[in-house]
1. Which value, to two decimals, describes the C-alpha radius of gyration of segment 6-107 once divided by 2.2 N^0.38 Å?
2. Which residue, Gly38, Gly12, Gly70, tops the fluctuation ranking in a GNM of the chain built on C-alpha contacts under 10 Å?
3. Which of the DSSP-defined H helices in the chain satisfy a minimum axial length of 27 Å, computed from C-alpha atoms, and a minimum mean Kyte-Doolittle hydropathy of -0.5?
4. Give the long-range amide H neighbours of Ala36: residues separated by 5 or more places, or on another chain, with amide H under 5 Å away, using H modelled in the peptide plane at 1.01 Å from N.
5. Using just the helices of the chain, give the 222 nm mean residue ellipticity in deg cm²/dmol: DSSP H runs with n ≥ 4 each add -39,500 (n - 2.57), and the total is spread over all residues, rounded to 500.
6. Taking 1 over the mean of 1/r across every pair of different Cα atoms in segment 57-108, what Kirkwood radius in Å do you get?
7. With each pseudo-label sitting 7 Å past Cα toward Cβ, what's the Leu97-Glu34 distance in nm, one decimal?
Amino acid sequence: MTSPAPLDDRVGAMLRALAEPRRRAILRLVATTERAAGEIAAEFEVSRTAVSQHLTVLKESGLIAERREGTRRLYRARREAVRELQAALDGIWSDALDRARALVEEES
């Protein structure tokens, strides 16, 4: 068995990160505007610790970036990572459609 390519590893990490609904919501919050951790936490009815853990998972997956400004931590979506994920998903759909098309043509 071959080991997955680095792209597959990165995409897999992003998909695992986005499997949790709150992390998807956090990514939407920081998609257009950089936000402080406290500002993000205020949007959810969970502890700051829980939000911090979600931010860590998103950061480790490469979907968000963190910047320090004094004592504040600011988060923003990494557009290049989101584009990479979108391209990978587009490729999956394209491959699946090609296989489906080939099956239909075989049956005709």
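Just so you know, all these numbers are worked out from the coordinates, no wet-lab data involved. Predicted, not measured: the structure shown is a model, and the values here were computed from it. Virtual Cβ from ideal backbone geometry, glycine too; neighbours counted across all protein chains shown.
1. 1.34
2. Maximum among the listed residues: Gly70.
3. Details: long enough: 79-107 (42 Å, -0.44).
Those that clear 27 Å and a mean of -0.5 are 79-107.
4. HN-HN under 5 Å from Ala36: Tyr75.
5. Here the helix-only value at 222 nm equals -21000 deg cm²/dmol.
6. On the way: mean 1/r = 0.0727 Å⁻¹.
Every distinct Cα pair counted, the radius reaches 13.8 Å.
7. About 3.7 nm separates the two model spin labels.
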